[in-house]
Structures are given as C-alpha cells and as structure tokens.
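The structure under discussion appears below in the form of structure tokens.
Every read-out reported here was derived from the displayed coordinates using simple, explicitly stated rules and does not represent laboratory data. The shown structure was predicted, so the numbers you read here are calculated from the model rather than taken from an experiment. Reconstructed Cβ throughout: ideal geometry from the backbone, glycine too, with neighbour counts over all protein chains shown.
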Amino acid sequence: MESNVSANKWWHNAVVYQIYPRSFMDANNDGIGDLTGIISKLDYLQQLGINIIWLSPVYKSPMDDNGYDISDYQDIAPEFGTLEEMEQLIREAKKRDIHIVMDLVVNHTSDEHPWFIEARKSKNNPYRDYYIWREPQADGSVPNDFHSYFGGSGWEFDPQTGEYYFHQFSKKQPDLNWENPKVQEEIHQMMNWWLDKGIGGFRMDVIDLIGKQVDDKVMANGPKLHDLIKAMNQATFGPRNLLTVGETWSATPEIAKLYSATDRNELSMIFQFEHITMNWHPQEGKWQPLPFDLVKFKQIISKWQTALAHEGWNSLFWNNHDLPRAVSKYGDAGIFRVQSAKMLATTLHFLKGTPYVYQGEEIGMTNVRFDSIDDYKDIESLNLYHERIAAGVPHDQMMEGIYENGRDNARTPMQWDTSEYGGFSNHQPWLKVNPNYTEINANAALQEPDSVFYHYQHLIRLRKELPIMVYGDFECLLPEDPNTFIYTRTFQNQKIIVLSNFAAEKSKVLLPASIQNTYGQCISYNYSPRAELKHELTLEPFESIAILVHDKS
C-alpha cells in the first residue's frame, strides 16, 4: 500500500478551490468578476492552503449559459479580461504553488463559434459534420422526441439548410459530433495549446456525453466514450502528469473505475452525483426536492469509498456552481450555521479522495431567497420556471424549488466585507448579493480565530501532514443511525475516528465495540476537543470530532 504521496499523483493530497469567475472578485468595477480580481485574491487562497484552482470557463462566449457556451476556445471573454491576464494568473498562481485547472467544455460549442457559423452555411460545408444534423420527419417535425436538459426540444430547426441540429442544453449550445476525427483533432490541439501555457489540468464538463448515439437516444456512456477519452489522454495530458476530473452525472462505481483506474490511462478522477440526486424527486427532479436522508447518504458515500478504495480515486464535494450551498442543504443556515458548516467540512475532508471547496463555502455562505423571479439570472431556472408555470405548476411551488436547488444560490457574488455589494465590486453586480453579506464575509472570518475559514485551513493543512487522511482505509460504523455519521480511516499503525452529528439537537450514541474505550489526540473539533471515547457519547447539535489513535501493538 502507498506509504506517502507519490510524486506522479501530486493531486492525492491536494485540495481544489473552485472559482466561478463572474462572481468571485470584480477589479474593474463593471459588476462582473474578472481575472485581475482573481489575481488580487491569490494571497487569500494561499492563506487558506489550497493548491489547485478550478476555474469555471473564462473563454470568449456570448454568455447564454454563463460561459459554458464557447465561441473561441483560445481567447478570453472581454468581461473577464485578456489572454495576457490569463497568462499572468497562471504565473502568479504558480509562484504560490497553486495550479490552475481550466474548465474544458467540449460536448458542445456556442452557436457563435466559427465552426458552427460555417456548418450552417450549407450541407456540403467542410464544417457541417462538426455538428449533428438530421432531416425533419415527413411532416416537418423534429427527428425524435429528445428533450433538452434546459427545457424544450433537443432539436432546433435551421431554415438556411432545412435541417435540425442537435443540442442537449441551450439551443445556442449545439453539440459537437465526436464521431468526426477532425473534431477530435481540433480539440486535442486546443488542449495542448493551453497545456503549453502551464495550466495544471482540466475539469471536463459533461464529458460522459461526448460518446452519444443520437439516433438511439443514448446520451451518456455511449459505446465509444472510453475510446475517445483514451485517445484524448494519449494526445494531450497523459504524458504530462496533470489533474483531470470528469463531470459524469451518469457514473456508477464500476463506470468510475473505467475512468480513473491507473492502468486505464483515462482521467485522474470523476465527479459522481449520486449523493446529490438522492435528494431529487424521481419524476420532478431537483425542482421538488426530497428531505435529506442521512442513512441513504451514508450508504452512497460508503459504496463509493469502498469501491474506489484501491482502484480509481474519489472526488469529494458538497457543492459547486450548479448546486445549492452546502450549509443550507445539509446543515443549518440559521442558528447553527457556523457549527454545521464546520461539521460538513470535517465529514468531507476526512474521507478518502480529493476535496473540492466551492468559493464561499470556506466562510459558510448560504442560499439566497430573492423576492422576484426577475432577480434570477440562471437560464436553467428561468426556462424551467416558465415551462412549468405554463404546464400548471403553482408559482410558489416552483419558487420553493428554486430557493432550495436553483443554480443562482451558488452564483451570488463572493462576500468579502461589509461594504456595499459585499466588497465584490463598487458597481451593482450582475447578480444581486445575498443580503446576509453584512454578517457573513471573508473579512469577518479572517478576524475571528474560531471562524469557518480557519477550520477549513486546519483541515487542508492536516491533509498535507497526515498520509492516513490520503490513503487510510474507510469503514462506516452504525450505518443505520439516522442522526450521526461515524467512520474510521485506518493506515499502518494509525486510526482516525470521525464522529459527526447531522441533527439540530443533541444525539446520544451507543458506540460500536471497535471504538469503545479509545483514547487519542483530538485533531478536529467544532465545540471543544474530546480525546476519549467510552461506551456512549452525546454529541451537541452539528458537533463533529476527529480523533487520531496510535495502535500500541
């Protein structure tokens, strides 16, 4: 078994910080975050201790889907800055031992990308086959009934050539045709262009969709998917020892091994979302959320921890730019906000895998409840709101879904201080700031020694110091307990016991025999340290502790 962090797996003990550039820091005061703003906060991130920044897309884009619709992969959107500033960000981050991981969006482009502009000119244009086109049915209707993930049909009629093009997301995001070797070649060249600039790898947007078989309505995990990823690995990042993580909503543990087992030569790891979608309604999806079920959650986490223990690698996350704020979803955004934010951090960071911190998570930022649908900007929320209202869903019901799971919860501007607009900008931001910025902000967190920020800093430091946090074997204890998540990590002659209470009231626990009468060093806590475990234990609301035990044998 691994005894220390291997140099060619430098990301094993890394912690990734995701930046949503539009909402992070606005340096030129136009209401939109930018690259210069990110550069100005690198010292803050260095203080936190992270060593990788995953940057959501900053490429040139019409911003129909906030940059996930790319019109030029090798240029920067003017609202974010310039290519020179991007290169400066890479250099400045490197000085602080921070790698920049770019967001790779290659399932689709913008309809304003030069390839698509050419493709729609005529059926025999050289770029036509870069995208997916089909003739109308005999009555002029769509080729099949595939429904876009953003609402409406997945087919858009193009009158210029009399055919439909395929899009899984917005109609301004036509899907690329990965069956075409020229598309693969173009993407590989573009990836190498960025890699040559010194970036640390790629996060790959909806990468499980690139092997799609449109006529059979097979979107995820198509038969050629892994061949495409292997070819990408070989042509680009494979020889360079970089971090690669695929966004794969459809993955199971067995599929995850195909992506991330070392001998597969595909990706470092994937994002799986089973622990996220367990809270979604089977028919209505995330817009009608289900109550959080800790027992089911523990089953899912345990399954993934065990399945990828020695084959592949886990990514660990509570939230991202598409998901609600962790403390609002799984903790308590009110009276126990600080305690529950620390508990969630402890629970996640002691698991096996690479942890991801989403901007603002480290200060316990919360979901937002805007009064009007007009205050929301997210294309998914707006499209689905109008579609479902038209179908008879009551306004209040749809708003509750948006309040709980809408993507703008994660996209409100980063809360830096108590000045107007939360210190994000001197100009009214593109999306309203959460009104609680006067209480919850980075400046306040840095002034308070017992803040959520310093708890994250401590956990990140521990991961770099303790190989057991990186390589220890995982075991879940008391899996049926509805309030507590108790697990151990075991490595060589050490054991870490993690005990977390997910309830807003005290929880009394009869401890399993394997950890009774244990004494060790309390290395993480959010109330007061506890070093000894007897037969039973009463945990405070959202209390979480981690105890390091040395085996004397």
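Given axes a ≥ b ≥ c from the Cα gyration tensor, I'd like to know whether segment 474-553 is rounded (a/c under 1.5), prolate (a/b larger than b/c) or oblate.
Prolate is the answer for segment 474-553, as a/c is 1.5 or above and a/b outweighs b/c.
So what's the gap between the Cα centers of segment 500-553 and segment 191-262, to the nearest angstrom?
Segment 500-553 and segment 191-262 have Cα centres spaced 40 Å from each other.
Just want the ordering: 349, 147, from fewest to most Cβ atoms lying within 10 Å of their own Cβ.
Lowest to highest Cβ neighbour count: 147, 349.
Once amide H atoms are placed 1.01 Å from N in the peptide plane, what residues at a sequence separation of 5 or more from residue 357, or on another chain, have their amide H within under 5 Å of its amide H?
Answer set, sorted by chain and number: 16, 17, 18.
Would you mind counting up the charge near residue 458? Only other residues with Cβ under 12 Å from its Cβ, with Lys and Arg at +1 and Asp and Glu at -1. Let's see the in-between values first.
On the way: positive: 342, 461, 463, 464; negative: 362, 450, 465.
Once all neighbours under 12 Å are counted, the net charge is +1.
Roughly how many debye, to the nearest 20, is the charge dipole of segment 114-166 about its Cα centre, given +1 on each Lys and Arg Cβ, -1 on each Asp and Glu Cβ, and no other charges?
200 debye
Taking the Cβ of residue 146 as the centre, find all other residues whose Cβ is under 11 Å away and add up their charges (Lys, Arg: +1; Asp, Glu: -1). Numbers along the way, then the final one.
Numbers: positive: 134, 212, 217; negative: 145, 175, 215, 216.
It works out to a net charge of -1.
May I ask which residue of 434, 452, 494 lies farthest towards the positive end of the charge dipole of the chain, with charges of +1 (Lys, Arg) and -1 (Asp, Glu) on Cβ and the Cα centre as origin?
My answer, from the dipole projection, is 494.
7 Å from Cα along Cα→Cβ at both residue 197 and residue 396: what's the point-to-point distance in nm?
Label at residue 197, label at residue 396, 5.0 nm between them.
What's the exposure ranking of 304, 194, going from fewest to most Cβ atoms within 10 Å?
In order of increasing Cβ crowding within 10 Å: 194, 304.
Take the cross-link list 171/377; 329/495; 171/432; 224/352; 217/296 and give me the ones stretching past 24 Å between alpha-carbons.
329/495; 171/432; 224/352; 217/296
Which distance in nm do the two modelled labels at residue 387 and residue 532 give, with both placed 7 Å along the Cα-to-Cβ direction?
Reported label-point gap for residue 387 and residue 532 is 6.0 nm.
Give the angle, between 0 and 90 degrees and rounded to the nearest 10, that separates the Cα long axis of helix 181-195 from the longest principal axis of the Cα atoms of the chain.
Between helix and principal axis, roughly 50 degrees.
Quick one: grab the alpha carbon gyration tensor of segment 87-179, order the square roots of its eigenvalues as a ≥ b ≥ c, and give me rounded if a/c is under 1.5, else prolate or oblate depending on whether a/b is larger than b/c.
Prolate is the answer for segment 87-179, as a/c is 1.5 or above and a/b outweighs b/c.
Show the residues, 5+ positions off or on another chain, whose built amide H is closer than 5 Å to the amide H of residue 153.
Counting only residues 5 or more places away or on other chains, the set is 148.
Just to verify a number: FRET efficiency for residue 263 and residue 551, C-beta to C-beta distance, R0 = 45 Å, to 0.05?
Rounded to the nearest 0.05, the efficiency is 0.90.
Take the Cβ-Cβ distance between residue 74 and residue 224 as r, set R0 to 22 Å, and report the resulting FRET efficiency rounded to the nearest 0.05.
Working from the Cβ atoms, E equals 0.25.
Please work out whether segment 114-166 counts as rounded, prolate or oblate from its C-alpha gyration tensor, where a ≥ b ≥ c are the square roots of the eigenvalues and a/c under 1.5 means rounded, while otherwise a/b larger than b/c means prolate and anything else oblate?
In terms of gyration-tensor shape, oblate.
Would you mind computing, in nm to one decimal, how far apart the modelled labels at residue 506 and residue 233 are, each placed 7 Å from Cα along Cα→Cβ?
Inter-label distance under the simple model: 5.2 nm.
Separation of segment 121-169 and segment 367-439 by C-alpha centroid, Å?
32 Å
How much of the DSSP bridge set in the chain is antiparallel, in percent, rounded to the nearest 5?
Bridges in the chain that DSSP calls antiparallel: roughly 65 percent.
Which residues does a label at residue 185 reach in segment 113-142, if reach means a backbone N under 19 Å from a point 7 Å past the Cα toward the Cβ?
114-116, 118-119, 124-132
Can you compute 3J(HN,Hα) from phi for each residue in segment 98-110, using the Karplus curve 6.51 cos²θ - 1.76 cosθ + 1.60 with θ = phi - 60°, rounded to whole Hz and x for Gly and Pro?
Listing the rounded values in order: 10, 8, 9, 9, 8, 8, 9, 10, 10, 6, 8, 10, 7 Hz.
Would you mind ranking 128, 369 so that the residue whose beta carbon has the fewest other beta carbons within 10 Å leads the list?
369, 128
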